[in-house]
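Notes follow the structure.
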Ligand code: GDP
């Protein structure tokens with residue numbers, strides 16, 4: 001099977017300057033098989049304009065399905081990441097294998113994520129594998145947004161899915177949307193942060209109609225449930241945040257501004273104390289634009305995540321700062337064999353700047369020269385001069401580098417550094 005979907009770059013992307021670190025989001029999608037990881041990723045690409053058309057999953061010709069096929073045939077996986085632009089941000093969507101047998105691989109890729117979207121099936125709720133990947137994300141300190149997918153299906157139930165995430169996974173899911181219409185009539189949400197009504201129209205849900213929340217803008221039941229859900233959200237945030245608690249007690253709902261809510265959701269999501277919940281149907285392309293908004297709004301940038309711990313050859317701690325001028329420290333997170341380019345090493349730069357042509361010292365003591373460096377775009381590697389701290393990229397010319405290796409510049413060899421490679425404190429279970 002060939003990849004016969006059309007791919008085009010958004011105009012001018014080749015010459016786009018490096019996005020500033022605070023506008024980079026390194027994310028993965030984690031889910032139980034069949035929850036809709038592929039469809040959600042495809043839908044994101046559709047809305048960000050990276051693919052000319054998106055295949056229907058059931059045709060088996062989508063970007064991610066191609067990866068599945070390669071995996072089954074034992075061919076190396078082509079795409080370790082896909083990048084796109086959303087509202088001025090650069091989103092690096094890193095492929096995390098979702099199957100239980102790829103657990104080690106999942107853990108490796110968790111290391112490079114600053115955040116994740118956990119996709120659940122609104123009918124099936126929490127399933128065995130969702131538990132596995134959820135725990136891995138927790139263990140590696142990966143902040144999460146929850147996307148309850150398949151809201152169009154009969155028997156879908158957002159509230160019971162949320163409850164089982166709380167009960168079975170021990171999460172703190174906070175609903176930030178109330179669905180409008182159920183099953184095949186699902187067509188919008190009430191945004192509980194801004195108190196806006198969002199409705200999708202058009203074949204691909206591409207027309208987003210936004211109205212102020214009022215008794216006229218939604219049906220009676222949705223109106224009542226939205227007010228209840230809003231109160232629940234504020235109470236949950238008040239439990240986490242003293243400032244919100246005080247304002248809420250003194251002035252009630254009206255005193256708490258949407259900026260306060262957003263700030264608290266950002267903070268406590270990054271600290272793994274809560275997970276904002278959104279809903280939609282990626283098959284019908286409803287809710288995914290709001291999910292992308294939430295990714296850039298609530299998931300942390302590389303500046304806000306805990307940096308990996310590193311030590312030098314004498315075991316002294318070394319600071320890893322996400323600044324382009326700092327000492328270069330990178331982690332190879334995936335190595336693949338590309339038909340045309342040979343060995344391609346996917347890496348994340350944690351600090352400093354990695355330039356093409358530079359000579360590296362790897363954590364296995366090898367000296368290696370990078371021939372070319374690439375930015376990762378949808379289905380395409382775009383050659384660049386350098387990749388800066390916080391971003392991910394790919395490199396050719398490296399023959400001995402393996403997954404999990406720390407990469408340094410040869411010129412820093414006397415300061416030999418080893419990354420513990422994990423973006424978090426100690427495992428929690
Ligand atoms: P993955 O295994 O998590 O990557 O799941 P897929 O994206 O391949 O989806 C699994 C199945 O669920 C496919 O048959 C999809 O067409 C279907 N599916 C995905 N999203 C939705 C949705 O929002 N609604 C409905 N009804 N079906 C969906």
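The values are calculated or read from the model by the stated rules, or taken from the named source; none is laboratory data. Just so it is clear, the model here is predicted, and its values are computed rather than measured. For neighbour counting, all protein chains shown are included, and Cβ atoms are generated from backbone atoms with ideal geometry for every residue, glycine included.
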**Complete:** Given (1) within 15 Å of residue 276 (Cα to Cα); (2) outside any loop (DSSP other than H, G, I, E, B); (3) in contact (Cβ under 8 Å) with a residue 40 or more places away in the chain; (4) touching a helix residue (DSSP H, G or I) at 6+ places or on another chain (Cβ under 9 Å), residue 232 misses just (4)
**Asked** Would you pick out the residues in the range 143-160 that are assigned to a loop (DSSP other than H, G, I, E, B), touching a strand residue (DSSP E or B) at 6+ places or on another chain (Cβ under 9 Å) and within 10 Å of the ligand (Cβ to nearest atom)?
**Response** 150, 151, 152, 153, 156
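In this structure, does residue 61 turn out to be within 15 Å of the ligand (Cβ to nearest atom), outside any loop (DSSP other than H, G, I, E, B) and either closer than 24 Å to residue 175 by Cβ or modelled with pLDDT under 90 (or both)?
Here the answer is no, as residue 61 does not meet what is asked.
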**Request:** Inspect all residues belonging to the range 214-225 and state whether any of them is buried (at least 19 other Cβ atoms within 10 Å of the Cβ), within 27 Å of residue 29 (Cα to Cα) and in contact (Cβ under 8 Å) with a residue 12 or more places away in the chain.
**Result:** no
**Request:** List every residue pair whose Cβ atoms sit under 8 Å apart, with the two residues 6 or more apart in sequence or on different chains, where the first one lies in the range 146-164 and is closer than 21 Å to residue 41 by Cα and modelled with pLDDT of 95 or more and the second, anywhere, is within 9 Å of the ligand (Cβ to nearest atom) and in a helix (DSSP H, G or I).
**Result:** 147/40; 149/39; 149/40
**Prompt:** Could you list, in sequence order, the residues of the range 252-269 that are at pLDDT below 95 and either within 16 Å of the ligand (Cβ to nearest atom) or in a helix (DSSP H, G or I) (or both)?
**Reply:** 253, 254, 255
**Complete:** Per the list (1) at pLDDT 50 or above; (2) touching a strand residue (DSSP E or B) at 6+ places or on another chain (Cβ under 9 Å); (3) part of a loop (DSSP other than H, G, I, E, B), residue check on residue 9 breaks on (1)
